[in-house]
Structure formats: C-alpha cells, structure tokens
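Structure record follows, encoded as structure tokens.
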Amino acid sequence: MNIGFLGIQFSFGLQQTAVNPIFTYLGASLEDLPLLNIAGPVTGLLVQPIIGAISDKTWSPKFGRRRPFFLIGALIGSACLFIFPYSPTLWFAVGMLWILDVGNNVAMEPYRALVGDKLPKEQMSFGFQMQSLFVGAGIVLANASIFLFQDWFGGAQVDEAAQTIPTWLYYSFFIGAFLSLATILWSVFKTPEIPPTDEEFEEINKHKALPLIDRIKSPFTDISQAIKEMPKFMWKLSGIYLFQWYALFIYWQYIMPMFKETMGFDNDQALSQAAKMNTTYNVSTMIFALLLVPLALRWGGKKVYVISLFLTGIAMLVIPHIQDATLVIYPMILFGIGWAAMMGIPYSMVSKIVPTERRGVYMGILNMMIVIPMGIQTLTFGPIIKNFLDNSAVNAILLGGVFFIISGILAMRLRQPSMIKLED
C-alpha cells in the first residue's frame, strides 16, 4: 500500500534539494528564499485537512475512500514536475511550486489515513515505519538523480550570472513526473480499501443527504470540531513540531548556500553536494526505518522519538564546522535516523488515539501542525537571517540545530498514547 509514497516523496525530494537552487539560478537572493517557499505551508494548511475531512465522508464501491484523492493529486503533481524545469522566470517557477504543492498535498494526506484504515493497532508502528522507508527511498532516488545527471550530462560549468536552469537538471524532474503517476496508479489498482462500518455508512449517507451548501461547509465544521476535541497529546505534539519543522525548513533552504560558504563551491557544486548529503540521510532513513520498530515496541515510541530529535540537532550543529565534503556524510547518518523516526513514530502514536471515523481529518490537522511552523519560518526567517545572523547560511543551520535540541526537550513531556484516554 505504500508504493505510491515513493513517487510522492521523489517529488518532495526535488522540492527539498532542487527547487531552491532553481530559484537562485533564476535570480533569488538568500533572504528571498523563505518567502518564496511559502507555497508549501499555505497549501498544506488549507488542502490537507479539507481533503482529510472530505475523504472521511467519501465512499465509492469502485474507487474506495482515499484512492480517488491519490489519483487526482498524482495527475496534478506529475504535470507540474514536467513543466517546472522549463520555468523562464523566477515568478513562473514560484507559481508552479504552488500548484505542485497542491497536487502533493491532495495525494499525501489520504495516504497517511489509508495506513491507519487498513492496519490493526498492533501493526501501525510497522506500517508507518514502512512508509518512512518509502519516504527515504523516494528522496534518495531524487537526490541521486541530481548528482548523477550532473556528473553524466553537466558538461561545462554554468555561468551563474546567466540566470538559466542547467539542462541536466531537467531529467530529474522528468523521472519525478513519471514516478509520481506510475507509483500512485500501482497503489490505486493494487490496494483494495476496507468498506466502512455500518455506523460509518450511516454517517456518509447522512452527509450525502445534506443540501449542497451544507456539504460545502461540512469539512470546515468537521475540522473545527475535531480541533476542539483534540487529545492533549496532539496539543503537546504541536509545540514539539513548532521547533522541529521550523528547523527542517531552515535546513532544506540553506544547506546548499552553507556549502558555498564553508567549502567555496559554486552553484552547481553546492547543489551536487547538497544532493549527496540528502541522499546519505535518506539512505540512513531507509536502513533505520524498520530497525526502529522493535526499539519503539521495547522502549516506547516516545523515547525513540526523543533520541531521534537530539541526534538530528547534533548533526545540524556539527555540519557547519566540517570543511571536508566526504566527512559531512557522518552527521547525515544521524540526521537520517532522526528523519526515519519523525516520519513514522508521531503518525503511529496519533493514529492509535483518534477515532477511526475521523482519522482523515485528524491526519490533516497533524499536517497543519507541520505547515504552520513552516509558514512562520517563511514569514520570519528572511528578516532574522538578514538582521541577526549576519546573512550567513552557516548561522542559519546552527540555529536549526538549537531548535532541534529544544524540540527534543519538549518531547520528553509527552505521555504514551496507550496511557491516554480519548477524552484527554
């Protein structure tokens, strides 16, 4: 059921590694990068919870509950990935990122809910960590394609003043366009969904009988009600996510400029190095994703999650002090362990404590906790790096490391879902 996540995360890997370099190729400055990335937080905030709420009230004997949304999102994302490298100007590229994010968000949220729908509670840790494995695999392929295609087809160095996207970068986007659609189609046709219970059918039929205007308002009402009734565990998790995802957005935006500062690389060399680092941490994610399952079962998801956040913080604090391109690989292994836990354990813990019939909307709300910190980062970090961090990508990465340490400290306050009553 997780095959489609390979294509979604290949697209996400390109966003992590290639989109900001494309913005710089087209003339963006360091302080512009956070605001240019606001598409992700805004579309995630609006699209995922709404799609989650709608999919909770959807059922088709032929297409199921979640699968129609996979396919719609994949079609949008695939088209955008094909067009993106042809962007003639910075603002065209920014517009394409907005549409691409809409497609990815439409596909991603129902995928999270599908795992919870199909698996019993005792298998959820394994199911979501398997999803982490495919997260790593998709991003590995995306980043590997970037530095391999540069090596094979890069040729002469691009004139940085020319403000053009190198042709070799196109090929990664073309592969992403194919995988985005092909892997989703595999899941659509190969993963049957479990029909709703009688109670869920009754709720779905009640929703269908509502007037059109009430059906339009229904997702927003469901989201509002779910937030009011949200378990305290999720409120605590939102504080952790504030620092965790703020820091991750810093990393994705400034890892390439950091290599230009610390190692004197030009744009192409810095992009290739960033791709190698992202490949390394996602290979680490693939290796450790399933190894974390027995550790989480033995020690509890909370302890594994806390340790992962500290390891990621240590990695970000160490990276800027390394000037040997080969040695940077070692802290990225720690980063990968953290990423494996972050992309699996919180979803497993939340999925176990929310009502089955509202799993889609709660997965959307969990994503809101991700994109709100990202939105805050895009609006605040440009002035912060300019006025307080000496316009230095090195200082930006160091601040990200500090934020991960803070998120680890906050995570120590979590209580295990098995110890929480739903009304808490």
Identify the single condition in (1) in contact with a helix residue (DSSP H, G or I) (Cβ under 7 Å, 6 or more places away or on another chain); (2) surrounded by 15 or more Cβ atoms within 10 Å (Cβ to Cβ); (3) under 21 Å from VAL361 (Cβ atoms); (4) not aliphatic (A, V, I, L, M) that ARG215 does not satisfy, given that it satisfies every other one. (2)
Starting from residues that are touching a residue at least 40 places away in the same chain (Cβ under 8 Å) and of a type in the set (D, E, K, R), keep the ones in the stretch 224-268 and report whichever is farthest from LEU327 (Cα to Cα). LYS232
Conditions (1) closer than 20 Å to GLY336 by Cβ; (2) without any contact (Cβ under 8 Å) to a residue 24 or more places away in the chain -> GLY138 fails only (2)
Where in the stretch 83-201 are there helices (runs of 4 or more DSSP H), lying fully within it, with 1 or more residues that are within 18 Å of ASN20 (Cβ to Cβ) and in contact with a Pro (Cβ under 6 Å, 6 or more places away or on another chain)? 168-190
Kindly indicate whether ILE204 is more than 19 Å from the chain's Cα centre (by Cα), outside any helix (DSSP H, G or I) and touching a residue at least 24 places away in the same chain (Cβ under 8 Å). no
Which residue out of LYS118, LYS62 is surrounded by fewer than 24 Cβ atoms within 10 Å (Cβ to Cβ) and over 17 Å from ARG359 (Cβ atoms)? LYS62
Every residue in the stretch 344-358 that is surrounded by 23 or more Cβ atoms within 10 Å (Cβ to Cβ) and out of contact with any Phe, Trp or Tyr (no Cβ under 6 Å at 6 or more places or on another chain), please. PRO346, MET349, VAL350, SER351
Selected residue (criterion: farthest from ALA247 (Cα to Cα)) from residues of the stretch 289-338 that are modelled with pLDDT of 90 or more and of a type in the set (Phe, Trp, Tyr): TYR330
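Taking the stretch 60-71, which residues are assigned to a helix (DSSP H, G or I) and either modelled with pLDDT of 85 or more or of a type in the set (Gly, Ala, Ser) (or both)?
ARG67, PRO68, PHE69, LEU71
Looking at ILE216, ILE204, which one is more than 18 Å from GLN48 (Cα to Cα) and at pLDDT below 85? So that I can check it myself, show each step before the final result.
Numbers: ILE216 fails: more than 18 Å from GLN48 (Cα to Cα).
Going through ILE216, ILE204 in turn, just one is more than 18 Å from GLN48 (Cα to Cα) and at pLDDT below 85: ILE204.
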Answer from THR24, THR17, THR89 - the residue that is of a type in the set (S, T, N, Q), farther than 15 Å from GLN253 by Cβ and either surrounded by fewer than 17 Cβ atoms within 10 Å (Cβ to Cβ) or at pLDDT below 85 (or both): THR89
Hey, does the stretch 259-267 have a residue that's in a helix (DSSP H, G or I), closer than 16 Å to ILE319 by Cβ, touching an Asp or Glu at 6+ places or on another chain (Cβ under 8 Å) and at pLDDT 85 or above? yes
Name, by its number, the condition in (1) assigned to a helix (DSSP H, G or I); (2) at pLDDT 85 or above that does not hold for ALA270. (2)
Would you say LEU100 is modelled with pLDDT of 90 or more and either surrounded by 20 or more Cβ atoms within 10 Å (Cβ to Cβ) or farther than 30 Å from THR356 by Cβ (or both)? yes
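Do you know which residues across the stretch 41-65 are within 19 Å of the chain's Cα centre (by Cα) and not polar (S, T, N, Q)?
Of everything in the stretch 41-65, those that are within 19 Å of the chain's Cα centre (by Cα) and not polar (S, T, N, Q) turn out to be PRO41, VAL42, GLY44, LEU45, LEU46, VAL47, PRO49, ILE50, ILE51, GLY52.
Give, as residue ranges, the helices (runs of 4 or more DSSP H) completely inside the stretch 14-59 that count at least 1 residues that are of a type in the set (Ser, Thr, Tyr).
Details: elements: 20-25, 33-36, 39-56.
Helices (runs of 4 or more DSSP H) meeting the threshold: 20-25, 39-56.
The values are calculated or read from the model by the stated rules, or taken from the named source; none is laboratory data. Computed from a predicted structure; not experimentally measured. Neighbour counts are summed over all protein chains in view; Cβ atoms, including those assigned to glycine, are modelled from backbone coordinates with ideal geometry.
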